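The values are calculated or read from the model by the stated rules, or taken from the named source; none is laboratory data. Given the structure is predicted, the values throughout are model-derived calculations rather than measurements. Here Cβ is always computed from backbone atoms with ideal geometry, including for glycine, and neighbour counts include all displayed protein chains. All accessible areas refer to the heavy atoms of the entire protein, side chains included, with ligands and DNA or RNA removed. Shrake-Rupley method; radii C 1.70, N 1.55, O 1.52, S 1.80 Å.
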Amino acid sequence: MANTINDLAKYEFKRKLEDLRAISGKATELISLYIPPNKVISDVASYLRDEYAQSSNIKSQSTRKNVMAAISSILSRLKQYKYPPENGMVFFVGHKSITGDLTDMVAHTIEPPEPVQSYLYRCDSKFYLTPLEEMLTEKDCYGLITVDRSEAAIGFLRGKRIEVAAYIPSRVPSKHGRGGQSQRRFERIIEIAAHEFFKKVGDTSNSTFLQEKNMKGILVGGPGATKKFFVENNYLHHELTKKVIEFFDTGYTNEWGLRELVEKAAGTLTGLDLMREKKIMQRFMEEIVKSSGGLGAYGEAEIRYVLEIGAVDTLLLSEGLRMKRVTIKCQNCNYIDAKTLFEDATPGQCPKCSSSLQITGTIDLVGELSKLAEKSNSTLQLISNESDEGKMLLKAFGGAAAILRFSIGRT
Ligand code: ZN
């Protein structure tokens with residue numbers, strides 16, 4: 001169930017960034033430090049010692065004190081490392097403002113899901129998160145082809161990045177402006193040359209795309225009718241022809257054409273993601289309107305039950321679910337319980353003796369339910385808040401729903 005783990009790790013990373021984004025300093029005193037995997041730790045340390053020396057020039061006494069404290073804190077954390085971790089690491093350290101003049105020191109070390117690309121030190125009133133946010137954007141892979149009779153380009157779209165894989169100029173002579181030869185003979189030569197050219201574009205596309213296992217589809221661009229002619233006349237492997245999503249008119253067919261193609265396809269691509277969510281929510285809703293609830297279940301308590309008995313095929317969780325699962329204990333009478341609370345809620349009073357309850361353990365609800373799903377080999381589908389169906393999951397079904405493997409026979 002690698003899928004479950006990836007989705008969950010991604011969700012947890014997303015939540016972490018949300019928390020960091022909410023932090024601000026009273027002045028430029030929050031430090032973000034990005035360390036790529038190949039960076040030498042001692043170089044980072046000497047860079048930081050320089051920054052430390054320079055920060056003694058900061059005019060405001062409190063800012064100076066806070067910046068120096070943050071740098072010292074990173075320096076002492078760095079001592080735990082001989083080398084950066086596999087993907088490098090990022091430090092977010094500084095004093096966040098609370099209320100009035102109050103501040104509180106925060107220090108986070110993040111080992112990101114993808115390699116840190118470049119070394120970066122920044123001191124600002126907010127943490128600098130852009131490189132990490134970019135890691136979160138969808139890394140779906142699509143094949144790109146732009147083609148007309150004069151040239152073709154082949155490439156990939158990975159997340160937001162365009163990779164050019166091949167550029168193929170053609171030797172097809174122009175149809176116009178040739179005197180001398182017999183017109184019919186000339187047209188035949190052109191058609192043979194065009195066929196050879198399309199064959200080469202097809203072969204190159206096949207060898208480029210067929211080895212890419214997770215390609216979600218192919219976008220085809222170019223001016224005029226050639227792009228459709230190319231696909232409809234089977235120059236592509238039949239497995240690839242099936243993956244063609246849509247044709248788009250582009251002015252260019254070179255590297256710029258690939259960029260143009262991606263720009264024009266943006267709406268279609270966002271739509272595909274949402275479509276996947278919509279489809280699965282619709283399947284769930286078709287089930288719950290059946291008598292005795294069909295193969296649908298929803299609401300936290302019922303979801304816990306169906307997960308426990310191994311009845312869940314697909315667990316649907318809303319990314320907008322902001323709840324925590326806590327274990328609570330009464331220090332006075334040792335009463336123990338587990339409860340689900342809103343993120344910022346307190347546990348209240350002991351039902352036995354009315355003392356205040358203490359939280360002894362906290363886990364994010366989405367994280368907890370995902371782990372239960374993983375244990376029973378259920379597929380996890382996190383649903384964004386961007387479609388109507390996604391909003392309905394959160395509002396009408398408590399943010400948690402399931403499509404079951406078997407009916408649990410409610411009456
Ligand atoms: Zn008690």
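With respect to the conditions (1) buried (at least 19 other Cβ atoms within 10 Å of the Cβ); (2) touching a Cys at 6+ places or on another chain (Cβ under 8 Å); (3) among the basic types (Lys, Arg), residue 227 falls short on a single one, namely (2).
A count restricted to the stretch 206-223 and to residues that are of a type in the set (Lys, Arg) and part of a helix (DSSP H, G or I) stands at 0. Screening the stretch 307-328 for residues that are touching a Ser or Thr at 6+ places or on another chain (Cβ under 6 Å) and surrounded by fewer than 18 Cβ atoms within 10 Å (Cβ to Cβ) and picking the one that is nearest to residue 387 (Cα to Cα) gives 310. Checked against the criterion of being modelled with pLDDT of 90 or more and open to solvent by 20 Å² or more (accessible area, probe 1.4 Å), the stretch 172-186 contains not a single residue that satisfies it.
Every residue, every condition in (1) assigned to a loop (DSSP other than H, G, I, E, B); (2) under 30 Å from the mean Cα position of the chain (by Cα); (3) of a type in the set (S, T, N, Q); (4) not assigned by TED's automatic domain parsing to the domain that holds residue 27, yes or no:
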{"residue": "59", "(1), (2), (3), (4)": "yes, no, no, no"}
{"residue": "66", "(1), (2), (3), (4)": "no, no, yes, no"}
{"residue": "72", "(1), (2), (3), (4)": "no, no, yes, no"}
{"residue": "77", "(1), (2), (3), (4)": "no, yes, no, no"}
{"residue": "84", "(1), (2), (3), (4)": "yes, yes, no, no"}
{"residue": "152", "(1), (2), (3), (4)": "no, no, no, yes"}
{"residue": "155", "(1), (2), (3), (4)": "no, yes, no, yes"}
{"residue": "166", "(1), (2), (3), (4)": "no, yes, no, yes"}
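Note on the stretch 329-372: residues that are in a loop (DSSP other than H, G, I, E, B) and within 14 Å of the ligand (Cβ to nearest atom) amount to 13.
Evaluate the following for residue 382: is it open to solvent by 40 Å² or more (accessible area, probe 1.4 Å) and either within 16 Å of the ligand (Cβ to nearest atom) or touching a Ser or Thr at 6+ places or on another chain (Cβ under 9 Å) (or both)? Walk me through it before giving the result.
Working: open to solvent by 40 Å² or more (accessible area, probe 1.4 Å): no; either within 16 Å of the ligand (Cβ to nearest atom) or touching a Ser or Thr at 6+ places or on another chain (Cβ under 9 Å) (or both): yes.
So residue 382 fails the test.
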